[in-house]
């Protein structure tokens, strides 16, 4: 499984034809095929390329919805 | 545009441009759902289909009412709808509630319906969270819409065998919560 630093993850913001990836609880997800992540943006407020672990606590849905998108890697912790 | 109304919301700490984008996306979801539900309703046929046709129709009409109720608030706050209908469709906050490959598969039909309602419930909960105690009018409107979306979700969920909704079908007029915004 591919490993990403936060900086590497930030390049996957869905802009300039990059694939949009997001992280949650140390897992990196590919949201390219998700309707809810068109152009790397989610519900106006969130951008791909970020660790959304904290943001998801405030979201009107749980982590179960992440089961609908493929896992593509792990997020490395800050050194 | 209601200049002072917008100013009050901004002063309360709401990013009004962001809120407007969310409202327009949700208005699009309502209108597109109204369209797709029309196709679903038409295809709800046979013994099983007829059983849910009436609530699908109520949900369809109420979703159109939600669109009608959202539009004035968007313009009051200084926003506008996209000029192009294609653009409007493409920015929808929820995926298209498309007819399943086999329209006779009632479980597939109900899954499309309940997923659309669940997306709406999440969307209006989000708007309520953003506006609570800050933008009283948008909050009141979103909460009214949320009440109806939750009822739609529970109706379809009940038919999917997920448990009783605790509701009875509408008696009388549609949109018991949102109608005050349509008068």
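When a/c is below 1.5 the answer is rounded, else prolate if a/b is larger than b/c, else oblate, so apply that to segment B:1-86 with a ≥ b ≥ c taken from the square roots of the Cα gyration tensor eigenvalues.
Prolate, because a/c is 1.5 or more and a/b exceeds b/c.
Please give, to one decimal in nm, the separation of the simple spin-label points placed at residue A:57 and residue B:115, each 7 Å out from Cα toward the Cβ.
Reported label-point gap for residue A:57 and residue B:115 is 3.1 nm.
Can you give me the orientation-averaged projected area of the convex hull built on the Cα atoms of segment B:40-133, in nm²?
Computed as one quarter of the Cα hull surface, the answer is 7.3 nm².
In which sequence would B:4, B:16, B:9 go, from the one with the fewest C-beta neighbours within 10 Å to the one with the most?
Neighbour counts put them in this order, fewest first: B:4, B:16, B:9.
Could you compute Rg(Cα) / (2.2 N^0.38 Å) for the protein assembly as shown, with N its residue count?
The value comes to 1.07.
How far is helix B:106-131 tilted off the main Cα axis of chain B, in degrees rounded to 10, range 0 to 90?
On a 0 to 90 degree scale, this one is about 20.
With springs connecting C-alpha atoms under 10 Å apart, model chain B as a Gaussian network and identify which of B:105, B:140, B:173 has the largest mean-square fluctuation.
Highest fluctuation among the options: B:173.
Kindly state, to the nearest 0.05, the FRET efficiency for residue B:102 paired with residue A:77, given R0 = 51 Å and r defined as their beta-carbon distance.
Step by step, r from the Cβ atoms, then E = 0.60.
May I ask for the angle, rounded to the nearest 10°, between helix B:136-159 and the longest principal axis of chain B, with both axes built from Cα atoms and the value confined to 0 to 90°?
For helix B:136-159, the angle is close to 10 degrees.
How many Cβ atoms of partner chains, on average, are near each residue of A:35-44 if near means within 10 Å of its Cβ?
4
Where does each of B:135, B:17, B:63 land when they are ranked from fewest to most other beta-carbon atoms within 10 angstrom?
Sorted ascending by nearby Cβ count, the order is B:17, B:135, B:63.
If you bin the C-alpha pair distances of chain B every 10 Å from 0, what whole percents do you get?
Taking every Cα pair in chain B, the percentages come to 10, 38, 33, 15, 4, 0.
Classify segment B:85-183: rounded, prolate or oblate, from the alpha-carbon gyration tensor (a ≥ b ≥ c, eigenvalue square roots; a/c under 1.5 rounded; otherwise prolate if a/b is larger than b/c)?
Since a/c reaches 1.5 but b/c is at least a/b, the shape of segment B:85-183 is classed as oblate.
R0 = 30 Å: FRET efficiency of residue B:85 with residue B:48, Cβ-based, nearest 0.05?
Plugging the Cβ-Cβ distance into 1/(1 + (r/R0)^6) gives 0.35.
On a 0 to 90° scale, report how tilted helix B:46-76 is relative to the longest principal axis of chain B, with both axes built from alpha carbons and the result rounded to the nearest 10.
10 degrees
Could you work out the per residue convex hull volume over the alpha carbons of chain A, in cubic angstrom?
Output value, Cα hull per residue: 89 Å³.
Report, as an integer, the average count of C-beta atoms from other chains found within 10 Å of each Cβ along B:114-127.
Other-chain Cβ atoms within 10 Å of each residue's Cβ, averaged: 2.
Contact order normalised by length for segment B:1-108, with contacts defined as Cα pairs under 8 Å and 6 or more residues apart; what percent is it?
This gives 44 percent for segment B:1-108.
Each reported figure results from applying straightforward, stated rules to the coordinates on display, with no laboratory input. In this text the structure is predicted, and so the values were computed from the model without any measurement. Note that each Cβ is placed from the backbone with ideal geometry, even for glycine, and that neighbours are counted across all protein chains shown.
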